[in-house]
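All remarks here apply to the structure that follows.
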Amino acid sequence: MSRVQLALNVNDIDEAVAFYSRLFGAEPAKRRPGYANFAIAEPPLKLVLLENPGHGGSLNHLGVEVSDTDIVDAEQKRLAQSGLASVDKRDTTCCYARQDKFWVQGAPDGESWEIYTVLADSQTFYDHDHAGPECCGADGRQSGESAAACC
């Protein structure tokens, strides 16, 4: 199973969760302070909401969630063969999940795309032990204590 991920900055997480719950007729699959994600079956969508006051309504990042690491590897190889560079991030923590992923480089307008699989749930938003842009884009932003600081 694959589905597109759309990560949005929102001004107020509670207001956004209420709206998207009504819009998609579903409750969040995961809810943490300043963070929520929805696993929508139809249309197949992973909707991620990141509380980031003052930036509501803007795109945070995009992604494709796949079912396992073998598909992450196959997609990374396919994209490399087509000339797209990537930044590999394996066994990393982002958005309250341990993930194997990579970030695609060179989007024409600078948008951040990730291809990832979730390995396990996490109690932390990001991994404190790793340096670099593990989470929410590969443009050099360093994650902080909250979703807004990361993204």
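Quote the relative contact order of region 1-75 in percent (integer), defining contacts as alpha-carbon pairs under 8 Å separated by 6+ residues. Working shown, then result.
Working: 141 pairs, mean separation 34.2, N = 75.
Answer for region 1-75 is 46 percent.
Calculated accessible area for region 1-41 comes out at 53 Å² per residue, all protein chains present (probe 1.4 Å; ligands, DNA, RNA ignored). Charge dipole (Cα centre; +1 on Lys/Arg Cβ, -1 on Asp/Glu Cβ; no other charges) of region 63-105 amounts to roughly 160 debye.
The values are calculated or read from the model by the stated rules, or taken from the named source; none is laboratory data. Everything quoted here is computed from the prediction, not taken from an experiment. With ideal geometry, Cβ positions are generated from the backbone for all residues, glycine too; neighbour counts draw on all protein chains shown. Areas reflect the complete protein model, heavy atoms only, side chains present, ligands, DNA and RNA absent. Shrake-Rupley method; radii C 1.70, N 1.55, O 1.52, S 1.80 Å.
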